Amino acid sequence: MLNENIKAVRRAKGLSQEALAIRLNVVRQTVSKWERGLSVPDSEMLVSVSEVLETPVSVLLGETLSGNSPDDLKSISQKLEIINSQLAREKAAKRRILHWAFILLFAANITAFAVIGKAGSPYLEWDYGNPETAVVGVALHAFEFCFVRIAPFILTGTIVGAVLTLKKN
């Protein structure tokens, strides 16, 4: 794939990500994103990458060398479009997983809050003369105390997270 080819050719030429970035007038993080497959260069930048690395664009895109056809910007654009659509699908899948994780965390928080409310803090009536009972009672009280104060922030965070990860049309 493109990201692996850019990385392999860059290393074969003895260039660091920083050196390649300087020659392309981009930041090192951009080259890192290309090599990790998080983004792809546009067609003009891909031509610049191929010139700096002294490698045909077709090799960067994973094709075998065919001396008959020159690099065609239209075919490069089509291949980049395919790569971009793959990245978009991966990003959408991650967004859906994150969205449902926020929803599940919200549901778990509401459930825990309901259980604590329904239980009604029975440990408050325990005999704290027994050291073991006292330790358990204090631990339960500390958990309830912290949870009740943190729960609103968790609920707010999960609602905001679920809304922000909704699919945008």
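Just so you know, all these numbers are worked out from the coordinates, no wet-lab data involved. Quick caveat, the model's predicted, so the values are computed rather than measured. Glycine gets a Cβ as well: all are built from the backbone with ideal geometry, and neighbour counts include every protein chain shown.
Structure remark: mean-square fluctuation, Gaussian network model of the chain, C-alpha springs under 10 Å; the largest value among Glu51, Glu125, Glu81 belongs to Glu125.
Estimated translational diffusion coefficient (Stokes-Einstein, Kirkwood radius over Cα pairs, 25 °C, 0.890 mPa s) of region 92-164: 174 µm² per second.
Packing around the peptides 112-120, 3-11, taken as the average count of other Cβ atoms within 10 Å per residue, puts them in this order, highest first: 3-11, 112-120. Considering every pair of different Cα atoms, what Kirkwood radius, in Å, is found for the chain? Roughly 20.8 Å, rounded to one decimal. The mean sequence distance of close C-alpha pairs (under 8 Å, at least 6 residues apart), as a share of the length of region 92-164, puts its relative contact order at 53 percent. In this Cβ point-charge picture (+1 for Lys and Arg, -1 for Asp and Glu), the chain has a dipole of about 300 debye about its Cα centre. Simple rule: put +1 on each Lys or Arg Cβ and -1 on each Asp or Glu Cβ in the chain, find the dipole, and look at Val115, Ile154, Asn130; the Cα lying farthest toward the positive end is Ile154. The lysines within cross-link reach of Lys33, meaning a Cα-to-Cα straight distance under 21 Å and a gap of 8 or more places when in the same chain, are Lys7, Lys13, Lys79, Lys91, Lys94.
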